[in-house]
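The values are calculated or read from the model by the stated rules, or taken from the named source; none is laboratory data. Computed from a predicted model, the values in this text were never measured in an experiment. Because the Cβ atoms are built from the backbone with ideal geometry, glycine has one as well, and the counts that use them run over all protein chains shown. Accessible surface is based on the protein model in full, side chains and every heavy atom, while ligands, DNA and RNA are left aside. Shrake-Rupley method; radii C 1.70, N 1.55, O 1.52, S 1.80 Å.
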Amino acid sequence: MVNTTSLGMRGQPPLEVDVGRLPKTAVVADNVYVPLVTPLLATARSRGLRTADGLGMLLHQAVRGFELWFGQRPQVTTELRALVEADLTKS
C-alpha cells in the first residue's frame, strides 16, 4: 500500500486506513517525510508489516536537480540520509 497524499504530514490530518486488512506480506510505503514515522507507518509496524518512509524518494528525486544546478551528481548514501534525517528531526 502506498500513500501518495499529504495526509499524515505534520499539520495535516492523518490518513485513516485499516492496515489490519492487509496481508502479513504487505509493505506499507508513506511518501510523507515529516514526520518520518507517520501514524500510518507506526500502525503498520505495530502489526509487523514492512514499511518505507518518504525520505528515500525525496533524496533520490533531488539528485537530478542538484546535478543540473551544481554540475555534480550527488550520491545518496547512508551518511547523507542520516544528515538529512537529523536535520528533519530538529524542526
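Points to keep in mind about this one:
- Protein heavy-atom accessible surface, 1.4 Å probe, per residue over the chain: 69 Å².
- Near Ala29: Cβ cut-off under 12 Å, other residues only, Lys/Arg at +1 and Asp/Glu at -1. The net charge is -1.
- Each stretch of four or more DSSP H residues adds -39500 (n - 2.57); spread over every residue of the chain, this sum gives -12500 deg cm²/dmol at 222 nm.
- Sequence-distant residues sharing a close amide H with Ala29 (under 5 Å, placed H): Val2, Asn3, Ala52
- With all pairs of separate Cα atoms included, the chain yields a Kirkwood hydrodynamic radius of 14.3 Å.
- Sequence-distant contacts, meaning Cα pairs under 8 Å at least 6 residues apart, place the relative contact order of the chain at 23 percent.
- Protein heavy-atom surface of the chain, 1.4 angstrom probe: 57% of the accessible area is carbon and sulfur, with nucleic acids and ligands not counted.
- The residues packed around Gly20, meaning those with a beta-carbon under 14 Å from its beta-carbon, carry a net charge of +2 if Lys and Arg are +1 and Asp and Glu are -1.
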